[in-house]
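K.L.:
Below: one structure in structure tokens.
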Amino acid sequence: MPDALLLLALLLLPFAGSVVAAALPRHAGGAAAAVAGAVAIGALALVWVAYPAVSAGTVLRAEFAWMPSLGLNLVLRLDGFAWLFAGLVTGIGALVVLYARYYMDPGDPVPRFFAFLLAFMGAMLGVVTAGNLIQLAFFWELTSLFSFLLVGYWHHTQAARDGARMALTITAAGGLALFAGVLVLGHIVGSYDLDALLAAGDAVREHALYAPALVLLLLGALTKSAQFPFHVWLPQAMAAPTPVSAYLHSATLVKLGVFLLVRVWPVMGGTDAWVWTVGLAGLVTMLVGAYIAIFQDDLKGLLAYSTISHLGLIVLLLGLKSELALVAAIFHVVNHAAFKCSLFMAAGIIDHETGTRDIRRLSGLNRLMPFTGRLALVAAAAMAGVPLLNGFISKEMFFAEALSAEVPVHPLLNVLPLAAMTASAFSVAYSLRFIHGTFFGPDPQGLPRTPHEPPTWMRFPVEILVLTCIMVGMLPAATVGPYLDVAARAVLGPATPAYSLAVWHGINLPLVMSIIALAAGAAIYAALHRRLREGMDGPPLIRRLDARRIFEQAMVAISWRLARRLERILGTQRLQPQVRLLFGAAIAAGFAAALLRGVGPGNLAPAPVDPVLALLWVVGAGCALGAAWRAKFHRLAAVMLSGGAGLVVVVTFVWFSAPDLAITQLTVEIVTTVLLLLGLRWLPKRVEVPGERGPEVLTRTRRLRDLLIAVAAGGGMAMLAWLVMTRTPADLLARHFLARAYTEGGGTNVVNVILVDFRGFDTLGEIFVVAAVALATFALLRRFRPAPDSLELPEQQRDADGAAGPQTGWMVVPFLLARLVFPLIVIVAAFLLLRGHDQPGGGFAAGMVVAIGVLLLYIIGGADWTEDRLRFLRPVAWIGTGLLLATGTGLAALFFGRPFLTTYFAYAELPLIGKVPTASALIFDIGVFALVVGATLLMLVALAHQSVRAHRRRTEEG
């Protein structure tokens, strides 16, 4: 299989499965589980297909051009380290899917759960296989989004909503810091390509921006991997369903920070700043997490804090200046995934079969659930580091690295051996509490359900993971050795040190430390057993440090008090103050730039003033001033006068040989004027109240202030235009487009070629904005019920009861004429659309012409025609079709190895016609056309529908 196809299939398969699962009916849980299982197994198979090449040292890479000029390409990259993580994500994902099939309640919307799970898997694979830093940051934030949806899956519970919000707030904030760090790294290296970054280690470490880049990247990594003090979100995320907890804690979300640290270790590691920040964060997290875990009464809470501690251990290893420490960190990532996933599944089985996770209520389950008890016992022993299990070997490597750390260079590392033994002892203590408190002792009393063994297939994933713990613990070199070597060499290359995965290294100091930790942990648990069983008021020394309370107080301070204060300063319920503030900021920024850079005369002499054009501008200025003055008395007159000013602008564009701008301005003026007239129906009447300064009173002071702002803004723009037009730049930008419009864009209309080709990405973003505005307008107006007594309507549009309502009668003859003219309008629109690439026109202008035709039918035919007939035009379908055509045109270029939105141009030989120019930009333009028509129709439907609703409501009430 070609590398590009393999990597693309690996990335897209989970997202495709997510779409399929989401489309299933609510109660089709079995089908959704089958889809999710097939996707996970298929993705795992693709990972194994890549193993022969990866194990040989080959880096699989596929690059799809997106915006090469900005260094933004879709790059998929799979080396040995990424392969190992991809195997964990897909392999454990398949086991979690099988487990969730029996865990989830059929009454829940299970297809939605599996849709979220598969989308999360796809986002994880996106991070793991990202070969571009911007792409990595994008998928990084996607993991935060989908984990938010998974944690808050049971959104009817307060705990799920709070846990999801806390997780999203902290991890997404860290993701923004990571994105900023990625931008800094791209600036240092000169490229966002991951291979370029990995080859520029010395340049990055010696750069002046190394420290800011390091801080920003560490904020992203440490928040995602729940390192102190950002660890508070992880225990709150235990409100998620247990399959989610098992997946997030073992192989996915919390391991992303570790993945990033390992990935950038060759580039940014080894410096004093790295050792102090990463090492100290890992050391504190390891100790704090292990200590608090001992005192947790909830099984999942205990496992959550143990995850925090083990993540701290891995981060601490990555903070050391040692290649062997990095190998140990990667090894412990794999070991932790195996025993932690099995323990979470065991905790979920206990909760599923007994109805509680409270250790104080559980005891003696070994007699009622013997198979589950033995599986949990082995997994907990692996977590505690008992010999002949996988956790013991990576713990031995940790002890060895703690003893051999470079103490003279970093005095802080003197405490490492003691800290390592302390954390290991705490690990033994909370592992003993998990097993002894749950499975041993007297029979449980008063449980919500009678305990019994779960279904066989629900226990099967736990058996596989526990078997892995045993096999790796007894035969590490034969089982995990080759894969660990592939991952380590992908990161370290020739610098990969020699290491041994033997079970027995003789009696040495790390073995002695392990024995001491085992004994000390047992002693700690024996000393605290009675008090823990009775229930302690939180862990001693830190009882008052309630993470949830601290987070809530911080959120109140930031999002409530500060937001309220800013709202009082900047916010308003009226549009005018916001516009005033916006224009004031723009004026200040413009004048500040002028003062800093200086303003002087240009090198071109001003052209003589044409008296006809000057007279035309006098008319336009008069219309603008009249609109501002008449707005105080009559809004309809103000709208008509503003339209007159717009027509003067149209003539000005024609005067200066800009027909495309003139056509666009003319059509936009017509459509917006009509829509404004429709909107005027719902604006409240202005009332002058003598002696009062209410929000609707236009005082002389306010009008003078607005006049000054308008003069400053307009004068500033006029000055800017004069400065631009009286200067000849060294390299005229227009020359670039004029020289390349036909040869590269296939069109002689340079304006249209810029819109659909050179700056097509901007146009695509703009039509998405137009679609969003249209949908938002419809969503707001569909529920808007204006008070008829306050509407500003002409007297003839009030019925006998004084109710405001539109006329629904038809003007028969003009309406028939309008229906006859409408096909001609469509022909004109088609003419503008098809000629737009070579002559003035284009999709936007054509769409506006069709919208004008529809508006003409509406104005003449009446509101009742609008409600009955416009629905059949399906404006939302027009919008969706336009977006799909425009986006699909851009994506089609990727399949031919060209950058996104690259235009295809050629001549087609047609019989009897000859050569006809063809360009893919025409399809893009058709998409713009469809979207403009749909957006205009949707806003018209919203405004007209409100007219009919208000009229009928008043009629029924009357």
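Values quoted throughout were computed directly from the atomic coordinates according to the rules given, and no laboratory measurement underlies them. Here the structure is a predicted model, which is why all the values come from computation and not from measurement. All Cβ positions, even for glycine, are placed from backbone atoms using ideal geometry, and neighbour counts span all protein chains on display.
K.L.:
Length gain on complete extension for the stretch residue 739 to residue 496, per 0.36 nm per residue less the alpha carbon to alpha carbon distance?
P.N.:
Extra length available between residue 739 and residue 496 comes to 82.2 nm.
K.L.:
Could you count how many Lys pairs in the chain have their Cα atoms under 14 Å apart, skipping same-chain pairs fewer than 8 positions apart?
P.N.:
Count of close lysine pairs: 4.
K.L.:
Still on this structure, please answer the following. First obtain the Kirkwood hydrodynamic radius of segment 288-537 from its Cα pairs, then insert it into the Stokes-Einstein equation at 20 °C and 1.002 mPa s, and state the resulting D in µm² per second as a whole number.
P.N.:
For the chosen part, D equals 115 µm²/s.
K.L.:
In deg cm²/dmol and to the nearest 500, what is the mean residue ellipticity at 222 nm of the chain if only DSSP H runs of at least 4 residues count, each as -39500 (n - 2.57), divided by the residue total?
P.N.:
The helix contribution divided over the chain gives -23000 deg cm²/dmol.
K.L.:
Between residue 550 and residue 621, what is the spin-label point distance in nm, taking each point 7 Å from the Cα along the Cα→C-beta axis?
P.N.:
Once both label points are built, they end up 6.4 nm from each other.
K.L.:
Just to confirm a number: summing +1 for Lys and Arg and -1 for Asp and Glu over residues other than residue 273 whose beta-carbon lies under 13 angstrom from that of residue 273, what do you get?
P.N.:
0
K.L.:
Mind giving me the FRET efficiency for residue 910 and residue 575? R0 is 60 Å, r the Cβ-Cβ distance, nearest 0.05 is fine.
P.N.:
After rounding to 0.05, the efficiency reads 0.65.
K.L.:
If we restrict to alpha carbons, what Rg and Dmax does segment 223-376 come to, in Å?
P.N.:
16.5, 54
K.L.:
Fully extended, how many nm does the chain gain between residue 702 and residue 816 (0.36 nm per residue separation, minus their Cα-Cα distance)?
P.N.:
Gain in length upon complete extension: 36.2 nm.
K.L.:
With only Lys, Arg, Asp and Glu charged, each at its Cβ (+1 for the first two, -1 for the last two), find how big the charge dipole of the chain is about the Cα centre; round to the nearest 20 debye.
P.N.:
I would put it at about 2080 debye.
K.L.:
Charges on Cβ only, +1 for Lys and Arg, -1 for Asp and Glu, centred on the Cα centroid of the chain; of 326, 15, 661, which one is farthest towards the dipole's positive end?
P.N.:
With unit charges placed on the Cβ atoms, the residue in question is 661.
K.L.:
Something else about it: Rounded to the nearest 10 degrees, what's the angle between the helix 509-534 long axis and the longest principal axis of the chain, both from Cα atoms, 0 to 90?
P.N.:
80 degrees
K.L.:
If you line up the long axis of helix 133-151 against the longest principal axis of the chain, both from Cα atoms, how many degrees apart are they, to the nearest 10?
P.N.:
Computed tilt is about 80 degrees.
K.L.:
Right, another one. Which order do the peptides 887-898, 33-44 come out in when sorted by mean C-beta neighbours inside 10 angstrom, highest first?
P.N.:
33-44, 887-898
K.L.:
For segment 575-663, run through the chymotrypsin sites (Phe, Trp or Tyr not before Pro) and keep only the ones in DSSP coil with at most 15 other Cβ atoms within 10 Å of their Cβ.
P.N.:
633, 656
K.L.:
Give the range of the longest stretch in the chain that excludes all GluC sites (Glu not before Pro) found in loop regions by DSSP and having at most 15 other beta-carbon atoms within 10 Å.
P.N.:
407-687
K.L.:
Report, please, the projected area of the chain averaged over directions, based on the convex hull of its C-alpha atoms, in nm².
P.N.:
Across all orientations, the chain yields a mean hull projection of 50.4 nm².
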